[in-house]
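The values are calculated or read from the model by the stated rules, or taken from the named source; none is laboratory data. Keep in mind it's a predicted model, so treat the numbers as computed, not measured. In this analysis, Cβ positions are derived from the backbone assuming ideal geometry, glycine residues included, and neighbour counts consider all displayed protein chains. Remember, those area values only see protein heavy atoms, side chains included, never the ligands or the DNA or RNA. Shrake-Rupley method; radii C 1.70, N 1.55, O 1.52, S 1.80 Å.
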Amino acid sequence: MILIGRSHRVPVKLCMGAADGGRGRVYFAPGRTAGRPAPSLPETRTPAMPELPEVETTRRGLVPHVEGAYVTGVAVRHHGLRWPVPRGLGAKIAGRRIAALRRRAKYLLFDLGDATLIVHLGMSGSLRITRADEPPGPYDHFDLRLGEKVIRLRDPRRFGAVLWQRGPPDTHPLIAGLGVEPFGPDFTPEFLFAASRGRKVAVKQFLMNASIVVGVGNIYASESLFRARINPRLRAGRLSRAACARLHAAVRETLERAIEAGGSSLRDFVGSDGEPGYFQQEYCVYGRDGEPCSVCSTPVRRIVQGARSTYFCPVCQR
Ligand SMILES: [Zn+2]
């Protein structure tokens with residue numbers, strides 16, 4: 001079995017210069033085997049859901065196995081994902097060739113010519129490649145069959161999605177209203193400046209607004225603002241052009257580092273039940289309240305914005 005997006009147990013350092021100490025880690029463990037207890041997490045750490053870097057890592061891991069392959073069928077063991085898996089999907093998809101596997105925001109798009117299979121990992125989903133005769137686990141709700149191989153969706157919390165779209169994927173209601181891609185040509189410092197004019201919302205919430213730019217979730221918003229030395233409470237409309245330029249670079253660098261960390265964690269995994277390792281990342285500020293800032297040693301602060309935790313350095317991010 002080959003697992004995608006898993007890591008060895010060595011923490012992945014995203015923050016150069018951050019003191020280690022075994023803290024400030026977030027565990028990415030969406031593919032846990034049923035009944036296996038979760039690793040004990042310090043109080044302020046939460047298990048991370050798949051964010052854009054994990055989805056992109058998954059995509060890159062799957063590409064060599066799926067592009068050019070023919071779909072032979074599907075197995076739907078639970079239709080009740082976030083939205084129902086379409087009935088009759090097997091008949092629609094069987095015999096089609098996967099021309100490409102793309103990503104838009106956190107949606108994986110299996111390009112089937114005049115149709116698209118859209119997969120979202122939700123809160124806890126993971127995809128793996130396995131042999132068709134490998135017995136499914138209790139949370140293995142969906143298989144995309146490619147002959148001897150199977151792309152298997154494991155999703156304990158069932159917030160993931162498997163959807164069918166005739167025609168180009170960008171007309172799908174879930175995708176049509178999305179903002180720009182952080183690595184796309186439309187995401188520029190000037191775009192950030194223009195999009196933030198007149199906005200009274202805090203810059204952290206502005207960054208997390210997927211109708212503006214996609215893929216900057218709660219963790220990466222805190223990390224990007226630290227890297228850009230911008231106070232997360234600043235009103236978005238007050239961002240200067242210079243701050244927008246720093247923020248633009250910081251968002252890209254933060255996400256790129258996370259994708260690289262995920263890519264370096266791709267590994268072949270052979271085991272009877274495919275028990276994955278746990279993906280750990282270390283952050284500059286996220287999850288580090290009270291710990292010394294890696295730049296100036298001031299204790300990192302935690303505040304709540306829009307019911308989500310924000311972490312920042314009150315000195316570096318004035
Ligand atoms: Zn600092």
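A few remarks follow.
- Gain upon complete extension [SER240, GLU181; 0.36 nm per residue less C-alpha separation]: 19.1 nm
- Of the chymotrypsin sites (Phe, Trp or Tyr not before Pro) found in the range 186-230, not one falls in a DSSP loop while having at most 11 other beta-carbon atoms within 10 Å.
- Taking the convex hull of the alpha carbon positions in the range 60-219 and averaging its projected area over all directions gives 10.4 nm².
- Rule-of-thumb Rg ratio for the range 85-173 [Cα; 2.2 N^0.38 Å; N residues]: 1.05
- Percentage of interatomic Cα-Cα distances in the range 214-255 larger than 12 Å: 53 percent
- Heavy atoms of the protein chains alone define the surface here; on that basis the range 55-211 has 44 Å² accessible area per residue at 1.4 Å probe size.
- Applied to the range 176-191, the Karplus parametrisation 6.51 cos²θ - 1.76 cosθ + 1.60 on θ = phi - 60° returns per-residue 3J(HN,Hα) values of 4, x, 6, x, 6, 7, x, 9, x, x, 7, 8, 10, x, 5, 4 Hz, with x for Gly and Pro.
- Working note: Karplus 6.51/-1.76/1.60 with θ = phi - 60° gives the range 220-225 the couplings 6, 5, 4, 5, 5, 5 Hz, where Gly and Pro are set to x.
- Compactness of the range 139-226 as Cα Rg over 2.2 N^0.38 Å, two decimals: 1.45
- Applying 0.36 nm per residue to the separation of TRP83 and ASP133 and subtracting their alpha-carbon distance, the gain on full extension is 15.3 nm.
- Here's how it looks for ARG199: its modeled amide H is under 5 Å from those of GLY237, which are all 5 or more places away or on a different chain.
- Hits among aspartates and glutamates - C-alpha to C-alpha of LYS92 under 19 Å, sequence gap 8 or more where chains match: GLU67, ASP111, ASP114, ASP143
- Here the extension length gained between GLU253 and VAL315 equals 20.2 nm, from 0.36 nm per residue of separation less the Cα-Cα distance.
- Estimated inter-spin distance, ALA307 and ALA115, nm [label 7 Å along Cα→Cβ]: 3.7 nm
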